[in-house]
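Right, one structure below, let's go through it.
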């Protein structure tokens with residue numbers, strides 16, 4: 001009766017077109033909740049320069065943060081509807097270099113065009129085989145020494161978040177996740193993709209949002225959890241493109 005869904009490109013696009021069109025769900029977009037926190041952590045470890053590209057941009061919450069902070073950026077998404085929304089939101093902004101539909105294994109970018117690639121809650125949607133192809137493409141489009149910046153759930157229980165369609169009986173993760181990461185697996189993914197790990201850390205990004213006082217308290221909580229060896233819900237990684 002029940003069967004695991006096969007995530008074809010058409011089904012993936014249909015899933016995310018629906019999700020992107022459901023404005024009531026936009027508050028749950030990860031980059032909308034934590035984009036500022038991610039950038040705050042990243043800037044402590046690397047200097048961002050050149051064209052920054054948001055891969056899997058969705059409605060453009062991270063693009064908005066990047067533009068607000070004075071960066072030059074592009075947007076890429078698998079969903080044509082998402083790109084149309086992003087183009088409509090940011091057309092005419094001097095720092096916005098446009099949005100394009102593209103797959104992670106065939107990015108609409110020139111060789112060495114990007115200074116950094118952001119993959120916010122993206123890698124968990126990729127099979128290991130496809131991720132290997134994507135990292136080869138990241139290597140192509142990044143300038144030497146450029147960075148890939150990624151977040152994924154930390155040690156997610158995929159089965160616990162699966163649902164079944166009552167109509168056809170297909171079973172799938174409610175957010176279309178297909179891969180589980182630990183800190184070690186994410187670091188290994190960077191290495192295999194010919195990236196040197198600048199940072200691979202488990203964090204709770206809620207501790208890095210809000211006012212200075214809230215962030216200070218969050219830092220204390222973060223350090224306390226690490227000392228007690230308690231798991232944090234998010235993984236954040238920065239990889240530097242290895243120069244052959």
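The values are calculated or read from the model by the stated rules, or taken from the named source; none is laboratory data. Worth saying up front: this structure is predicted, and the values here are computed from it rather than measured. Quick reminder, even Gly has a Cβ in these numbers, built from the backbone with ideal geometry, and neighbours come from all protein chains shown.
Brief remarks follow.
- Of all residues in the range 154-172 being surrounded by 19 or more Cβ atoms within 10 Å (Cβ to Cβ) and touching a strand residue (DSSP E or B) at 6+ places or on another chain (Cβ under 7 Å), the one that is farthest from residue 46 (Cα to Cα): 172
- Filter result for residue 73 (under 19 Å from residue 147 (Cβ atoms), over 12 Å from the mean Cα position of the chain (by Cα) and either surrounded by 19 or more Cβ atoms within 10 Å (Cβ to Cβ) or touching a residue at least 12 places away in the same chain (Cβ under 8 Å) (or both)): yes
- Residue in the range 201-216 that is surrounded by 13 or more Cβ atoms within 10 Å (Cβ to Cβ), modelled with pLDDT of 90 or more and within 22 Å of residue 130 (Cα to Cα) present: no
- Within the range 217-244, considering residues that are at pLDDT below 90 and surrounded by 15 or more Cβ atoms within 10 Å (Cβ to Cβ), the one farthest from residue 111 (Cα to Cα): 225
- Index of the failed condition, residue 110 passing every other in (1) at pLDDT 95 or above; (2) part of a loop (DSSP other than H, G, I, E, B); (3) at positive phi: (3)
- Within the range 176-209, the set of residues being assigned to a loop (DSSP other than H, G, I, E, B) and out of contact with any helix residue (DSSP H, G or I) (no Cβ under 7 Å at 6 or more places or on another chain) comprises 180, 182.
- Matching residues, the range 76-107, being surrounded by 15 or more Cβ atoms within 10 Å (Cβ to Cβ) and part of a helix (DSSP H, G or I): 81, 82, 83, 85, 86, 87, 89, 90
- Test: residue in the range 86-105 that is without any contact (Cβ under 8 Å) to a residue 24 or more places away in the chain and in contact with a strand residue (DSSP E or B) (Cβ under 7 Å, 6 or more places away or on another chain): yes
- Any hit, the range 54-68, residues being part of a helix (DSSP H, G or I), in contact with a strand residue (DSSP E or B) (Cβ under 9 Å, 6 or more places away or on another chain), within 30 Å of residue 129 (Cβ to Cβ) and in contact (Cβ under 8 Å) with a residue 40 or more places away in the chain: yes
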